[in-house]
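Nothing in this text is a laboratory measurement; each read-out follows from the coordinates by a stated rule. Computed from a predicted model, the values in this text were never measured in an experiment. Here the Cβ is made from the backbone with ideal geometry for all residues, glycine too, and neighbour counts use every protein chain on show.
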Amino acid sequence: MLVGCLLWGFTGKGLYKGEWPTLESFHIVAKKCRVTCKRTIIKGEKFVMAFTKPAEAFLNRNTMLSRRRFLAGTAVGGCLYGLSAHAAGSPFSTTTRSIMAFELPPLPYPSDALEPHMSARTFTFHHGKHHAAYVTNTNALVKDTPLADKSLEEIIKAAAADSGKAGLFNNAAQVWNHSFFWNCMKPGGGGTPTGALADGINGAFGSFTKFKDDFKNAAVTQFGSGWAWLVVENGALKITKTANADTPMAHGQKALMCCDVWEHAYYLDYQNRRPDFVQAFLDHLVNWDFVASALKG
Ligand code: MN3
C-alpha cells in the first residue's frame with residue numbers, strides 16, 4: 001500500500017483517518033469533495049490535517065484506504081491530537097455500513113485534462129462506466145461475507161489465493177488497478193524521472209530510453225486485455241505485463257506505474273493503434289512524481 005500522507009479529521013460525527021500517496025493527491029481530492037482543512041501538522045513524512053466539512057463521502061472515495069486500520073485509528077486519534085472531547089462517543093456504530101462500501105474515487109484531474117492524448121469521452125466510459133462497474137461489483141460480491149470489512153488490498157490478496165473467488169479477484173483488482181492508473185498520469189506529464197527513481201531506472205534498464213522501449217514492448221505485446229507495469233520485486237525494478245485484471249500485489253511485487261492496455265483504454269482515441277497510445281502515455285502522460293512517491297512508499 002502507498003502510505004505517504006496521513007489525514008485525521010473531525011467532522012462533528014467522528015474522527016477520520018485516511019491515507020494518500022502524496023500531499024498533492026490529497027489536496028486534489030479534498031478540493032473536489034469540498035473538504036476544508038483547518039490545520040496541517042507535518043510529522044516526519046506524514047501529513048496530519050483536521051477538517052470540518054462532512055468527510056464521509058470524501059473518505060469513501062479513497063479506495064486505497066485501509067478500512068480496518070481506519071476504524072482502529074478512530075480509537076486513538078483523539079488522544080493523539082487533542083480531539084478526544086469531540087471524538088469520544090462518536091463511534092461508527094450507526095454509519096459503519098455506509099463507510100464500509102467502496103466508492104468510485106474521483107479522477108485526480110478534470111476529465112478533459114489529458115486531451116488530446118486521452119479524451120474526456122474515453123474517461124466518460126473508462127472511469128464513469130468501467131471503473132464504476134468494478135466498484136459496484138466488488139461491493140456486491142463482498143456484501144455479507146467475511147471479507148466485507150476488509151481493505152481492498154486484503155480482499156485482492158484473499159481472492160487471489162482462492163480459485164473459487166476469481167470473480168471477486170477480477171473486480172477488486174480492477175478497482176485497485178484503475179485507481180492506481182489514474183494517478184500514474186497527469187496533465188503535462190511525461191518527460192523524465194529524477195533522483196533515486198532515475199538512478200534506479202538507469203541501473204535496472206541501462207538508460208531511460210531503453211526503459212521506455214522495454215515498457216512499450218511489454219505493453220504492446222500483452223496479448224489481449226491486460227496491463228504493463230513497472231514494479232519492485234525483491235528490491236529490484238522490473239517491467240512486467242499482466243493479463244486481464246491481474247495485479248502485481250498478487251505476485252509479491254510492489255507496483256510503481258502501470259498502463260492499461262485493455263481496448264477500452266484507447267479505442268475511442270486510437271482505435272487499433274495501441275503502440276501510439278502507449279507512446280503518448282510515456283511521452284505526455286506519465287506522472288513521474290507519483291511514480292517516485294510509490295517507490296518511496
Ligand atoms: Mn481499464
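Scanning segment 176-187 for any residue that is more than 16 Å from the ligand (Cβ to nearest atom), in contact (Cβ under 8 Å) with a residue 12 or more places away in the chain and touching a Phe, Trp or Tyr at 6+ places or on another chain (Cβ under 9 Å) turns up at least one such residue.
Matching residues to (1) touching a His at 6+ places or on another chain (Cβ under 9 Å); (2) within 16 Å of the ligand (Cβ to nearest atom); (3) over 21 Å from residue 261 (Cβ atoms):
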{"site": "140", "(1), (2), (3)": "no, no, yes"}
{"site": "145", "(1), (2), (3)": "no, no, yes"}
{"site": "154", "(1), (2), (3)": "no, no, yes"}
{"site": "172", "(1), (2), (3)": "no, yes, no"}
{"site": "192", "(1), (2), (3)": "no, no, yes"}
{"site": "220", "(1), (2), (3)": "no, no, no"}
{"site": "236", "(1), (2), (3)": "no, no, yes"}
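Considering only segment 239-255, I want to know if a residue exists there that is closer than 19 Å to residue 186 by Cβ, touching a helix residue (DSSP H, G or I) at 6+ places or on another chain (Cβ under 8 Å) and not basic (Lys, Arg). Yes, some residue in segment 239-255 is closer than 19 Å to residue 186 by Cβ, touching a helix residue (DSSP H, G or I) at 6+ places or on another chain (Cβ under 8 Å) and not basic (Lys, Arg).
As a summary of the residue check, residue 200 satisfies the conditions (1) at negative phi; (2) in contact with a Ser or Thr (Cβ under 7 Å, 6 or more places away or on another chain) except for the one numbered (2). Within segment 115-136, residues that are among the hydroxyl-bearing types (Ser, Thr, Tyr) reach partners that are more than 11 Å from the ligand (Cβ to nearest atom) with beta carbons closer than 8 Å, at six or more positions or on different chains, in the pairs 119/112; 119/268; 119/269; 122/268; 122/269; 124/111; 134/171; 134/172.
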